[in-house]
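Encoded as structure tokens, the structure appears first; notes follow it.
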């Protein structure tokens, strides 16, 4: 089985588990998702499929001394670790759909002290890792660019909900901590 397929299976099995077990329940005061979950997963599925198919044709293959699959595995593993660490740190406050649960508290410690959305940082790294494993610049672009745009839409929806819920506290936190990449973005 190709490496890309193995990593893709690991990714999708864990994410489907989140979709099943980490939806907001009746104790959430509202669902503010605005279809961002649907948009995100539709984009990821379409782009990972198209990226996989485009790599078969060898268009814009990487050439050089180092096999990008090794870098892809490393980036995937780092992203996976960051994503799951962020999910564990949020605990019961993590939901796959954008919703504020009744006991929701603004998380500003751990990974959330470095970036506001470490789970999405991890997701972006996972996607980049998958793209690198395909050994095609075209496939990397097909996978990363639309998925990054979908993730940014999702972040905007989530930040609106957090601003509405926590007001000045979230605004102060946003001014102090970058969105996805520490000290940069």
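The values are calculated or read from the model by the stated rules, or taken from the named source; none is laboratory data. Every value quoted in this text rests on a predicted model; they were computed, and no experiment measured them. Don't worry about glycine lacking a Cβ; one is built from the backbone with ideal geometry, like all the others, and counts go over all protein chains shown.
Out of 154, 116, one residue alone is in contact (Cβ under 8 Å) with a residue 12 or more places away in the chain, buried (at least 21 other Cβ atoms within 10 Å of the Cβ) and part of a loop (DSSP other than H, G, I, E, B). It is 116.
Taking the criterion of being over 25 Å from residue 123 (Cβ atoms) and not in a helix (DSSP H, G or I), the only residue of the stretch 167-181 that qualifies is 167.
Taking into account only those residues within the stretch 34-87 that are in contact (Cβ under 8 Å) with a residue 40 or more places away in the chain, out of contact with any helix residue (DSSP H, G or I) (no Cβ under 6 Å at 6 or more places or on another chain) and not in a helix (DSSP H, G or I), which is nearest to residue 14 (Cα to Cα)? The qualifying residue nearest to residue 14 (Cα to Cα) is 67. Note on the stretch 16-66: residues that are surrounded by fewer than 15 Cβ atoms within 10 Å (Cβ to Cβ), at pLDDT 80 or above and within 18 Å of residue 99 (Cβ to Cβ) amount to 5. From 159, 164, grab the single residue that is assigned to a helix (DSSP H, G or I), over 24 Å from residue 45 (Cβ atoms) and under 18 Å from the mean Cα position of the chain (by Cα). Exactly one residue qualifies, and that residue is 159. Among the residues of the stretch 48-96, those identified as under 14 Å from residue 129 (Cα atoms) and over 14 Å from the mean Cα position of the chain (by Cα) are 51, 52, 67, 68, 69, 70, 71, 72, 73, 74.
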